[in-house]
Amino acid sequence: MPDAAPAPGDVDLLLLGEQHDAASHQRLHRDTVSDLARSGRLAALALEMAERGATTAGLPRDASEDAVREALRWNEQGWPWERYAPAVMAAVRAGVPVVGANLPRDAMRAAMADATLDTLLPPQVLEQQRSAMRSGHCGLLPETQVAPMARIQIARDRAMADTLVDLARRGAVAVLVAGSAHVDEIAGIPRHLPATLRVGTLAWPPEPPQKDYCAELRQRMRPAAR
(Lines give C-alpha, C1' and ligand atoms only; values in the text may rest on other atoms or scores of the structure.)
Protein backbone atom coordinates (compact mmCIF):
# COMPACT_ATOMS: atom_id res chain seq x y z
CA MET A 1 0.00 0.00 0.00
CA PRO A 2 1.41 3.44 -0.89
CA ASP A 3 2.23 5.99 1.79
CA ALA A 4 -0.16 8.49 0.25
CA ALA A 5 -2.91 8.36 -2.33
CA PRO A 6 -2.78 10.95 -5.10
CA ALA A 7 -6.10 12.57 -5.79
CA PRO A 8 -7.42 11.94 -9.31
CA GLY A 9 -7.21 14.99 -11.52
CA ASP A 10 -10.08 16.80 -13.14
CA VAL A 11 -12.86 15.72 -10.77
CA ASP A 12 -15.49 17.74 -8.97
CA LEU A 13 -16.06 15.15 -6.25
CA LEU A 14 -13.61 12.72 -4.67
CA LEU A 15 -15.08 9.88 -2.62
CA LEU A 16 -12.63 8.29 -0.20
CA GLY A 17 -13.68 4.88 1.06
CA GLU A 18 -12.33 3.36 4.24
CA GLN A 19 -12.40 0.44 6.61
CA HIS A 20 -13.40 2.23 9.77
CA ASP A 21 -10.83 0.56 12.03
CA ALA A 22 -7.91 0.72 9.56
CA ALA A 23 -5.56 3.47 10.76
CA SER A 24 -3.62 3.37 7.49
CA HIS A 25 -6.76 4.32 5.56
CA GLN A 26 -7.31 7.34 7.77
CA ARG A 27 -3.69 8.42 7.29
CA LEU A 28 -4.23 8.26 3.53
CA HIS A 29 -7.33 10.41 3.89
CA ARG A 30 -5.36 12.95 5.91
CA ASP A 31 -2.66 13.04 3.24
CA THR A 32 -5.17 13.42 0.41
CA VAL A 33 -7.04 16.23 2.16
CA SER A 34 -3.78 17.96 3.11
CA ASP A 35 -2.42 17.76 -0.44
CA LEU A 36 -5.60 19.25 -1.91
CA ALA A 37 -5.67 21.98 0.74
CA ARG A 38 -2.04 22.94 0.08
CA SER A 39 -2.73 23.22 -3.63
CA GLY A 40 -5.81 25.38 -3.00
CA ARG A 41 -8.08 22.83 -4.67
CA LEU A 42 -10.07 21.65 -1.65
CA ALA A 43 -13.64 22.99 -1.82
CA ALA A 44 -15.00 21.19 1.24
CA LEU A 45 -14.64 18.04 3.32
CA ALA A 46 -17.82 16.03 3.89
CA LEU A 47 -18.08 13.21 6.41
CA GLU A 48 -20.21 10.13 6.89
CA MET A 49 -19.27 10.52 10.56
CA ALA A 50 -21.44 13.62 11.07
CA GLU A 51 -25.06 14.36 10.22
CA ARG A 52 -26.31 16.72 7.55
CA GLY A 53 -26.66 20.25 8.89
CA ALA A 54 -23.52 20.09 11.00
CA THR A 55 -20.73 22.34 9.72
CA THR A 56 -17.57 24.14 10.72
CA ALA A 57 -18.41 27.06 8.41
CA GLY A 58 -17.89 30.23 10.39
CA LEU A 59 -15.18 28.82 12.62
CA PRO A 60 -11.76 30.47 12.36
CA ARG A 61 -8.77 28.58 11.00
CA ASP A 62 -7.28 28.39 14.49
CA ALA A 63 -10.42 26.89 16.05
CA SER A 64 -9.75 24.34 18.77
CA GLU A 65 -10.52 20.69 18.26
CA ASP A 66 -13.20 20.99 20.93
CA ALA A 67 -14.90 23.77 18.96
CA VAL A 68 -14.72 21.70 15.78
CA ARG A 69 -16.21 18.64 17.48
CA GLU A 70 -19.02 20.78 18.87
CA ALA A 71 -19.77 22.31 15.48
CA LEU A 72 -19.92 18.86 13.91
CA ARG A 73 -21.99 17.48 16.80
CA TRP A 74 -19.45 14.70 16.94
CA ASN A 75 -20.50 11.29 18.30
CA GLU A 76 -17.34 10.05 19.99
CA GLN A 77 -18.93 6.74 20.90
CA GLY A 78 -19.64 5.93 17.28
CA TRP A 79 -16.58 7.55 15.73
CA PRO A 80 -13.37 7.90 17.79
CA TRP A 81 -12.27 11.48 17.17
CA GLU A 82 -8.54 10.73 17.05
CA ARG A 83 -9.03 8.68 13.88
CA TYR A 84 -10.55 11.54 11.91
CA ALA A 85 -9.08 14.62 13.58
CA PRO A 86 -6.00 14.84 11.28
CA ALA A 87 -8.05 15.10 8.08
CA VAL A 88 -10.73 17.29 9.65
CA MET A 89 -8.26 19.70 11.21
CA ALA A 90 -6.22 19.91 7.98
CA ALA A 91 -9.34 21.25 6.27
CA VAL A 92 -10.17 23.63 9.11
CA ARG A 93 -6.62 25.00 9.20
CA ALA A 94 -6.89 25.65 5.45
CA GLY A 95 -10.10 27.64 5.97
CA VAL A 96 -12.16 24.98 4.21
CA PRO A 97 -15.56 23.97 5.61
CA VAL A 98 -16.07 20.51 7.04
CA VAL A 99 -19.69 19.35 6.87
CA GLY A 100 -21.79 16.43 8.03
CA ALA A 101 -23.15 14.41 5.14
CA ASN A 102 -24.98 11.53 6.75
CA LEU A 103 -28.71 10.98 7.16
CA PRO A 104 -29.82 12.40 10.53
CA ARG A 105 -30.63 9.72 13.05
CA ASP A 106 -34.16 11.05 13.54
CA ALA A 107 -34.88 10.38 9.85
CA MET A 108 -33.89 6.72 9.96
CA ARG A 109 -37.19 5.32 11.22
CA ALA A 110 -39.05 6.96 8.33
CA ALA A 111 -36.47 5.59 5.90
CA MET A 112 -36.99 2.04 7.19
CA ALA A 113 -40.67 2.24 6.28
CA ASP A 114 -40.20 4.01 2.93
CA ALA A 115 -40.62 1.30 0.28
CA THR A 116 -39.99 3.84 -2.50
CA LEU A 117 -36.30 3.66 -1.56
CA ASP A 118 -36.30 0.09 -2.91
CA THR A 119 -36.95 1.48 -6.39
CA LEU A 120 -33.73 3.53 -6.42
CA LEU A 121 -31.64 0.43 -7.12
CA PRO A 122 -32.10 -2.18 -9.85
CA PRO A 123 -33.53 -5.43 -8.43
CA GLN A 124 -30.24 -7.31 -8.63
CA VAL A 125 -28.34 -4.50 -6.93
CA LEU A 126 -31.05 -4.18 -4.29
CA GLU A 127 -30.69 -7.86 -3.47
CA GLN A 128 -26.92 -7.40 -3.23
CA GLN A 129 -27.53 -4.57 -0.79
CA ARG A 130 -29.82 -6.75 1.29
CA SER A 131 -27.27 -9.57 1.24
CA ALA A 132 -24.66 -7.11 2.48
CA MET A 133 -26.97 -6.24 5.38
CA ARG A 134 -27.18 -9.91 6.32
CA SER A 135 -23.44 -10.46 6.21
CA GLY A 136 -22.69 -7.11 7.83
CA HIS A 137 -24.80 -8.16 10.80
CA CYS A 138 -23.06 -11.55 10.98
CA GLY A 139 -26.20 -13.45 9.94
CA LEU A 140 -27.94 -12.36 13.15
CA LEU A 141 -30.35 -9.83 11.66
CA PRO A 142 -33.97 -11.09 11.62
CA GLU A 143 -35.13 -11.48 8.04
CA THR A 144 -37.98 -9.04 8.68
CA GLN A 145 -35.37 -6.34 9.33
CA VAL A 146 -33.22 -6.94 6.24
CA ALA A 147 -35.26 -4.79 3.83
CA PRO A 148 -35.72 -1.92 6.32
CA MET A 149 -32.00 -1.87 7.12
CA ALA A 150 -31.14 -1.85 3.41
CA ARG A 151 -33.45 1.15 3.01
CA ILE A 152 -31.48 3.01 5.66
CA GLN A 153 -28.30 2.31 3.71
CA ILE A 154 -29.88 3.62 0.51
CA ALA A 155 -31.24 6.70 2.31
CA ARG A 156 -27.82 7.40 3.79
CA ASP A 157 -26.19 7.10 0.36
CA ARG A 158 -28.74 9.49 -1.11
CA ALA A 159 -28.27 11.98 1.75
CA MET A 160 -24.52 11.97 1.25
CA ALA A 161 -24.98 12.36 -2.50
CA ASP A 162 -27.27 15.36 -1.93
CA THR A 163 -24.66 16.90 0.37
CA LEU A 164 -21.98 16.51 -2.28
CA VAL A 165 -24.17 18.09 -4.95
CA ASP A 166 -24.57 21.11 -2.68
CA LEU A 167 -20.78 21.33 -2.21
CA ALA A 168 -19.69 20.82 -5.81
CA ARG A 169 -17.79 23.74 -7.26
CA ARG A 170 -16.10 23.72 -10.65
CA GLY A 171 -12.35 24.15 -10.41
CA ALA A 172 -12.12 22.64 -6.92
CA VAL A 173 -12.67 19.25 -5.33
CA ALA A 174 -15.23 18.40 -2.65
CA VAL A 175 -14.04 15.35 -0.73
CA LEU A 176 -16.15 12.79 1.12
CA VAL A 177 -14.82 10.36 3.72
CA ALA A 178 -17.11 7.36 4.20
CA GLY A 179 -17.09 3.61 4.56
CA SER A 180 -16.03 1.72 1.46
CA ALA A 181 -19.52 0.29 0.89
CA HIS A 182 -20.90 3.82 0.56
CA VAL A 183 -18.49 4.76 -2.23
CA ASP A 184 -19.18 1.60 -4.23
CA GLU A 185 -19.87 2.64 -7.80
CA ILE A 186 -22.57 0.01 -8.34
CA ALA A 187 -24.70 0.28 -5.21
CA GLY A 188 -23.44 3.33 -3.34
CA ILE A 189 -23.33 7.10 -3.52
CA PRO A 190 -22.19 7.43 -7.16
CA ARG A 191 -25.50 5.94 -8.31
CA HIS A 192 -27.34 8.92 -6.77
CA LEU A 193 -25.13 11.64 -8.27
CA PRO A 194 -25.99 13.54 -11.46
CA ALA A 195 -24.04 12.61 -14.57
CA THR A 196 -22.97 16.24 -14.97
CA LEU A 197 -20.54 15.92 -12.06
CA ARG A 198 -17.11 14.38 -12.52
CA VAL A 199 -16.67 11.83 -9.75
CA GLY A 200 -13.55 10.01 -8.60
CA THR A 201 -13.43 7.25 -6.01
CA LEU A 202 -10.55 5.86 -3.97
CA ALA A 203 -10.79 2.84 -1.71
CA TRP A 204 -7.99 0.76 -0.25
CA PRO A 205 -7.71 -2.98 0.35
CA PRO A 206 -9.26 -4.31 3.55
CA GLU A 207 -7.04 -4.94 6.50
CA PRO A 208 -7.45 -7.60 9.20
CA PRO A 209 -10.07 -6.27 11.64
CA GLN A 210 -8.81 -5.12 15.00
CA LYS A 211 -11.23 -7.44 16.80
CA ASP A 212 -13.91 -10.07 16.17
CA TYR A 213 -16.91 -7.82 15.63
CA CYS A 214 -19.26 -10.75 15.03
CA ALA A 215 -18.37 -12.29 18.38
CA GLU A 216 -18.99 -8.92 20.01
CA LEU A 217 -22.36 -8.60 18.27
CA ARG A 218 -23.39 -12.12 19.25
CA GLN A 219 -22.56 -11.30 22.85
CA ARG A 220 -24.68 -8.14 22.76
CA MET A 221 -27.61 -9.95 21.18
CA ARG A 222 -27.47 -12.97 23.49
CA PRO A 223 -30.62 -13.13 25.65
CA ALA A 224 -30.02 -12.23 29.26
CA ALA A 225 -29.66 -15.27 31.50
CA ARG A 226 -32.75 -15.94 33.56
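The values are calculated or read from the model by the stated rules, or taken from the named source; none is laboratory data. From a predicted model like this one, the values you see are computed outputs, not experimental measurements. No Cβ is skipped: glycine too gets one built from the backbone with ideal geometry, and neighbour counts run over all protein chains shown. Quick note on the areas: whole protein, heavy atoms, side chains included, nothing else; ligands and nucleic acids left out. Shrake-Rupley method; radii C 1.70, N 1.55, O 1.52, S 1.80 Å.
Counting only helices (runs of 4 or more DSSP H) wholly contained in segment 1-98, the ones carrying 3 or more residues that are at pLDDT below 95 occupy 23-38.
Considering (1) part of a helix (DSSP H, G or I); (2) at pLDDT below 95, the lone condition that R170 does not fulfil carries the number (1). For R191, the test of being assigned to a helix (DSSP H, G or I) and touching a residue at least 40 places away in the same chain (Cβ under 8 Å) is passed. Count of segment 120-129 residues, restricted to those that are open to solvent by 40 Å² or more (accessible area, probe 1.4 Å) and either under 30 Å from L59 (Cα atoms) or assigned to a loop (DSSP other than H, G, I, E, B) (or both), is 1. In segment 83-95, the residues that are closer than 12 Å to T56 by Cβ and free of Cβ contacts under 8 Å to residues at least 40 places away in the same chain reach residues that are among the charged types (D, E, K, R) and open to solvent by 20 Å² or more (accessible area, probe 1.4 Å) with C-beta atoms within less than 7 angstrom, at least six apart or across chains, in these pairs: M89/E65; V92/R61; G95/R61. Restricted to segment 174-186, and to residues there that are in contact with a Pro (Cβ under 9 Å, 6 or more places away or on another chain) and outside any loop (DSSP other than H, G, I, E, B), the residue that is least open to solvent (accessible area, probe 1.4 Å) is V183. Would you point out the residue of segment 58-70, among those that are open to solvent by less than 70 Å² (accessible area, probe 1.4 Å) and touching a residue at least 24 places away in the same chain (Cβ under 8 Å), that is farthest from A90 (Cα to Cα)? It comes out as L59.
Scanning segment 12-41 for residues that are more than 15 Å from the chain's Cα centre (by Cα) and open to solvent by 10 Å² or more (accessible area, probe 1.4 Å) returns A23, S24, R27, D31, S34, D35, A37, R38, S39, G40, R41. Note on segment 187-226: among residues that are modelled with pLDDT of 95 or more and surrounded by fewer than 17 Cβ atoms within 10 Å (Cβ to Cβ), the one that is nearest to L14 (Cα to Cα) is R198. Scoring L117 on the criteria (1) open to solvent by 70 Å² or more (accessible area, probe 1.4 Å); (2) in a helix (DSSP H, G or I) leaves a single failure, condition (1).
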